[in-house]
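Written out below as structure tokens is the structure these notes cover.
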Amino acid sequence: MNPTAGDIPGNASLIIRGARQAQFAGADLVVTPELALMGYLPRDLLMNRGFVARSEQMIEQIASELAAGPPVLVGTATVNPAGTGRPLFNSAVLLHKGVVSRVFHKTLLPTYDVFDEDRYFEPGRGPQILEWNGWRLGISICEDIWNDRDFWERPRYHADPIEVLAHSSVQAIVNLSGSPFYAGKQLFRERMLGHMAQRHGLPIVYVNQVGGNDDLIFDGRSCAFDAQGRLVGRAAGYREDVLVTDLAAGTSTIAEDDFEIESEIWQALVLGVHDYVVKTRFSKVLLGLSGGIDSALTAAIAADAVGAENVLGVLMPSRYSSPGSIDDSHELGRNLGIRTTTLPISDIMRTYECVLSDVFRGRPADVTEENIQSRIRGNLLMALSNKFGSLLLTTGNKSELAVGYCTLYGDMNGGLAVIGDVPKTMVYRVSRWRNRRRPDIPESILTKAPSAELRPDQTDQDTLPAYDLLDQILELHVEQSKSAEEIIAQGFDEHTVRRVLRMVRIAEFKRKQAAPALKVTSRAFGTGWRMPIVRGE
């Protein structure tokens, strides 16, 4: 299911609808994702006592609505009645015959990357076991399955709840999950779950959330494994689905899927943009079209996500804009079927130059004037956003955001950074993947040298290392947390490495003010990146 964080009535409707579909399909037990009633991640809504109380009341209503059907395991938060510890549990409640008949608690509470569950939840103690319909089921929640000591080189936790369940004579493992997407994660999940099922000789059923909430995207793809570790079932990716699995027979259905990295990123971003727009109650979006690859890919994603008729592309040429870039933007707009408008900024630039001429007298033109151009464009885009009630999408990529090759209050203006977690080299790969299916992005955009066109004959490589080199260094540093010395030891030029890492460090203040970026890599510049602005290195 695709819940919305905090939307208790809406999420309850999804649970009831899905449970009835499962009942119609013959299910004996229905399972929702983790915290399905609240929408993962509810974050500090969990500190609101009224929010928690409303969820408790809604659980009773759901139980009543589904009283005539099979039992349903619903992910929600429940109150910790003890006088010590965190105030809540991350729980799965069993609804049967109109009441809450059992409650099961999550044991392992992650505090890494985007997770901060120890902030809210008390860990469950002991094996969580449901005996139902002749089966002894081990109930686990998300992180509980991510600590197999035989699979991980260095397990994060001392305890393994699945091993405890296996030693408690359960006959199958059920896992309610809210596992955020990153490219390549599903194949990794399936390898891990298959290993675990084979190791313990137990079928495993894994139920995942789908949809976007803030910067996180959930890809669904719930799946089931038999006791030999073989994949026997997989639900659809990137959309809601009901998957029925027969544990005794080891049978289910396996939805077709595409694990090509470019395909995964495309589908995730389209889903993420659609849900961000819809769940924040916008209906239209706009973005600046520069004639470059970043804005082209962003526009293509937006057109697929919300419909071409709801996308406005804005051309804002200056004296430095090449005719080719303007022509490419128009061609892109026609190919995608989006609306375009042109707002020239040369006269506005001259006004700024006139106003600032006395105070700037005797000083050569530099990045100041380049930033003014970007901020003019940012103001125009925000004016259109305000006037027409459209969500402004930023078009910067992860490589630029990493090294600060972007302008605060200029090209960073906007409500959502669509490709802010997509490295520049991957931007090209995803764009070419998209063009193989529908060649909407002009070939000249794919082949021209990247340029911000803020001064004559400018290219990105006047300021930055070549993107293929830059992205390798950034991947090692940002996603793998490698130090300069470790990266240099792998054969990279010392001067280049130290220069890039310095740019990453001093750009932190910009990233703190950036729009939320949809997460598609294992570590994004969002809730999982917690670096100080003031640093002594």
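Which peptide among 129-142, 155-168 comes first, and what is the full order, when sorted by highest mean count of other Cβ atoms within 10 Å? All intermediate terms of the calculation are to be shown ahead of the outcome.
Working: 129-142: 19.6, 155-168: 17.1.
For the peptides 129-142, 155-168, the packing ranking is 129-142, 155-168.
Among 248, 146, 217, flag the residue with its Cα farthest along the positive direction of the charge dipole of segment 8-259, charges on Cβ as +1 for Lys/Arg and -1 for Asp/Glu.
Of the listed residues, the answer is 248.
If eta is 0.692 mPa s and T is 37 °C, what Stokes-Einstein diffusion coefficient results for the chain, Kirkwood Rh from Cα pairs, in µm²/s?
Working: Rh = 25.0 Å.
The calculation lands on 131 µm²/s.
By how many nm would the segment from residue 25 to residue 99 grow when fully extended, if each residue of separation counts as 0.36 nm and the alpha-carbon distance is taken off? Display every interim value, and only then the final one.
Working: separation 74, 0.36 × 74 = 26.64 nm, distance 2.27 nm.
Here the segment from residue 25 to residue 99 would lengthen by 24.4 nm.
Let's test the formula: R0 of 41 Å, r as the Cβ-Cβ distance of residue 240 and residue 355. What FRET efficiency results, to the nearest 0.05? Could you put the intermediate results ahead of the total?
Numbers: r = 54 Å, r/R0 = 1.32.
Once the sixth-power term is evaluated, E becomes 0.15.
Please report the orientation-averaged projected area of segment 465-506, defined via the convex hull of its C-alpha atoms, in nm².
On the way: hull surface 10.3 nm².
Computing the convex hull of the Cα atoms and averaging its projections yields 2.6 nm².
How much length would be gained if the chain were fully extended between residue 187 and residue 251, taking 0.36 nm per residue of separation minus their Cα-Cα distance, in nm to one decimal?
On the way: separation 64, 0.36 × 64 = 23.04 nm, distance 2.00 nm.
Additional length available on full extension: 21.0 nm.
First measure r as the distance between the Cβ atoms of residue 259 and residue 347, then evaluate 1/(1 + (r/R0)^6) with R0 = 51 Å and state the FRET efficiency to the nearest 0.05. Numbers along the way, then the final one.
Values: r = 51 Å, r/R0 = 0.99.
Efficiency, rounded to the nearest 0.05: 0.50.
Okay, helix-only estimate at 222 nm for the chain: each DSSP H run of n ≥ 4 adds -39500 (n - 2.57), divide by all residues, round to 500 deg cm²/dmol; what do you get? If you can, show how the numbers build up before the last one.
Values: 16 runs with 192 residues, N = 537.
Counting only the DSSP helices, I get -11000 deg cm²/dmol.
What is the extension gain from residue 326 to residue 458, computed as 0.36 nm multiplied by their sequence separation minus the C-alpha to C-alpha distance, in nm to one decimal? Don't skip to the end; give the middle numbers.
Details: separation 132, 0.36 × 132 = 47.52 nm, distance 1.60 nm.
Length difference between fully extended and current span is 45.9 nm.
Read-outs: derived from the displayed coordinates by stated rules, not from any lab. It should be emphasised that the depicted structure is a prediction, and the values quoted were computed from it without experimental measurement. Reconstructed Cβ throughout: ideal geometry from the backbone, glycine too, with neighbour counts over all protein chains shown.
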